[in-house]
Structure formats: C-alpha cells, structure tokens
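Read through the structure below, which is laid out as structure tokens, and then see the notes.
The values are calculated or read from the model by the stated rules, or taken from the named source; none is laboratory data. Note that this is a predicted model, so its numbers are computed, not measured. Virtual Cβ from ideal backbone geometry, glycine too; neighbours counted across all protein chains shown. These accessible areas exclude ligands, DNA and RNA; they are computed on the full protein's heavy atoms, side chains included. Shrake-Rupley method; radii C 1.70, N 1.55, O 1.52, S 1.80 Å.
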Amino acid sequence: MREHAYAVYLMTNTRRGVLYAGVTANLPYRAQQHREHLLPGFTDRHGCTRLVWFEVHTDIESAIHREKLIKRWRREWKFKLVEARNPEWVDLYPALMGLAEYPWYEPPAVPGLGGPGSTLRFGRDDREG
C-alpha cells in the first residue's frame, strides 16, 4: 500500500525576509509554481520564490494543523525554525528536485521524497481539482 505525503513549507524572498507558510500534497509542483510566479497573491506580490523549510506529514489533518500553528507564530520563532535546519537560508528547491544536497543530513529513505525503500509519495497532483 502506498502512503501519501503532505508538506508544510516556508517560502521567502530573502534571508530573514518575508515568510509565507503553506501546505500541499505536491511540494515540488507547488514550489515551482511559487518560483515561476504562477500563483497570484501573497507570494507573487512579495517575491517569495525560495523554499527554505519544509516538513512532511502522512495525513492532511496534521499538516493543516501544523501550518495554522506556524502561521500564528511570531516571526522570530519562524526564523529559528528555518535556521535550526537551514542556517544559511539555502533555497531547497534544487535539493528537492535531486539537483543538489540538502544543507542537513537526510537518511536514504526520506518520507515523501523517495529514496531507497521509500513507499511514501506526495499525494494527488495539485493541478487536479
């Protein structure tokens, strides 16, 4: 049986700049949409094109709960969340696409991101209704 993955993520325009928290069932596609300014709204207006943090959940309810919690946090708390794993605020999109290394250690089977033995994949394609 294949499990699904849902990601809570943070996008920014620059180090310690404007932050956007979101949730998606298809992080690679959603990050690409933000990068290419295909989604009108907050991230487009503020130039939030850099994926700087994400975490994967196996059920949508926990992902949505976490996103709402993070959205209520103070900016400094969000900065600390990013800097705990990504102190240089590196854009994680290339690593997500397998074109670079993550700035932290990831075990071979990362939930939702493939790897040997991983059965967890991002769920539905966000392009579908």
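Taken over the range 38-87, the criterion of being β-branched (Val, Ile, Thr), closer than 19 Å to Arg16 by Cα and open to solvent by 60 Å² or more (accessible area, probe 1.4 Å) is satisfied by no residue. Scanning the range 21-37 for residues that are among the hydroxyl-bearing types (Ser, Thr, Tyr) and open to solvent by 20 Å² or more (accessible area, probe 1.4 Å) gives a single hit, Tyr29. Only residues that are part of a strand (DSSP E or B) and either more than 16 Å from Glu55 (Cα to Cα) or open to solvent by 10 Å² or more (accessible area, probe 1.4 Å) (or both) were counted across the range 1-11, and they come to 3. Would a scan of the range 88-109 turn up a residue that is open to solvent by 80 Å² or more (accessible area, probe 1.4 Å), under 19 Å from Gly22 (Cβ atoms) and modelled with pLDDT under 95? Checking the range 88-109: at least one residue is open to solvent by 80 Å² or more (accessible area, probe 1.4 Å), under 19 Å from Gly22 (Cβ atoms) and modelled with pLDDT under 95. Return the residues of the range 23-78 that are part of a strand (DSSP E or B) and basic (Lys, Arg); say none if nothing qualifies. Correct list: Arg50 only. More than 18 Å from Trp77 (Cα to Cα) and among the β-branched types (Val, Ile, Thr), is that true of Thr12? In short, no.
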